[in-house]
Amino acid sequence: MGCSKIPKHKIIRNPEFKEVIYDERRWRILRSLREEAREIMSILLKCGLKPITHGSIARGDVTRDSDIDIVIPYAVQPYLVELCIEKSNLKMYSKYIIRATPIATPKAYIELDVYGKRTISFPLSKLSAREWEFYRFGGLITYEDIVKDKRVPGVNKSLVLIIPTEFGHKEAPVIGYEDFVARILNISIDTVLERVKVLTRRDEHGRTGVFLKYHLGSNESFEEAIDRLIEMGKLDI
């Protein structure tokens with residue numbers, strides 16, 4: 001089972017070393033997105049969960065179309081997450097399970113809006129060290145970081161390293177500078193090389209694909225979906 005689509009981000013193969021100064025509009029978008037992320041994370045924290053968020057919202061290089069991806073980065077009983085959401089003012093619009101490759105950790109996703117731009121996800125088994133570093137590759141922050149208005153460096157989907165500054169951010173290339181990127185992000189060079197390989201392949205083939213993507217029925221729980229996928233031989237957790 002798989003899917004494909006035209007990628008939204010093209011690889012910039014020869015990016016410049018440059019500094020980007022944010023105007024008030026971008027700062028306003030960033031504040032708004034971070035406040036929304038803070039509210040979602042606060043709800044999960046009150047349920048005893050420990051979420052993070054990652055990507056442009058962590059780095060700061062947001063646009064009006066930026067997503068909010070909230071992650072519980074450890075295995076948790078799915079019904080606890082669903083129950084937490086049901087008790088809040090949040091609404092579940094869609095639920096699905098994704099396994100990027102046959103050996104990747106399967107993850108559960110809950111969309112909080114009709115456009116799929118606000119999601120909560122969590123692994124269905126323990127993440128590998130490499131998978132954890134994938135989040136740090138793009139930039140990762142905690143609830144406390146948002147409260148402190150902290151931003152962190154990370155790589156965007158165009159393979160440009162974003163380093164936050166007081167007035168915006170600095171940009172640097174990733175391809176050809178993998179060692180430098182690994183040091184800045186404090187992750188392994190293998191993780192950087194793998195992400196470059198994956199994102200470059202997506203760019204060259206004009207599509208993305210996953211090994212498994214299963215959309216849950218309107219009244220189907222994650223536990224029921226997992227049992228169904230195991231019976232079908234598509235999941236082995």
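The values are calculated or read from the model by the stated rules, or taken from the named source; none is laboratory data. Every value quoted in this text rests on a predicted model; they were computed, and no experiment measured them. Every residue, glycine among them, receives a Cβ derived from its backbone with ideal geometry; neighbour counts consider all protein chains shown.
Here are a few things to note about the model shown:
- Pairing each residue of the range 61-88 that is farther than 22 Å from residue 222 by Cα with any residue that is outside any loop (DSSP other than H, G, I, E, B) and among the small types (Gly, Ala, Ser), provided the two are 6+ apart or on different chains, yields C-beta distances under 7 Å for 62/56; 66/56.
- Check on residue 69, over 14 Å from the mean Cα position of the chain (by Cα) and within 20 Å of residue 113 (Cβ to Cβ): no
- Considering 76, 81, 62, the condition of being within 25 Å of residue 198 (Cβ to Cβ) and either part of a helix (DSSP H, G or I) or in contact with a Leu (Cβ under 7 Å, 6 or more places away or on another chain) (or both) is satisfied by 62 alone.
- Taking the criterion of being outside any strand (DSSP E or B) and without any contact (Cβ under 8 Å) to a residue 24 or more places away in the chain, the residues of the range 90-109 that qualify are 91, 92, 93, 103.
- Evaluation of residue 118 against (1) surrounded by 14 or more Cβ atoms within 10 Å (Cβ to Cβ); (2) out of contact with any Pro (no Cβ under 9 Å at 6 or more places or on another chain); (3) more than 25 Å from residue 159 (Cα to Cα) (one fails), failing number: (3)
- Residue within the range 166-179 that is touching a strand residue (DSSP E or B) at 6+ places or on another chain (Cβ under 6 Å), closer than 22 Å to residue 24 by Cβ and loosely packed, with under 14 Cβ neighbours inside 10 Å present: yes
- The listed residue being within 18 Å of residue 234 (Cα to Cα) and not small (Gly, Ala, Ser), out of 72, 98, 110: 98
- Residue match in the range 11-20 (condition: touching a helix residue (DSSP H, G or I) at 6+ places or on another chain (Cβ under 8 Å) and at pLDDT below 95): yes
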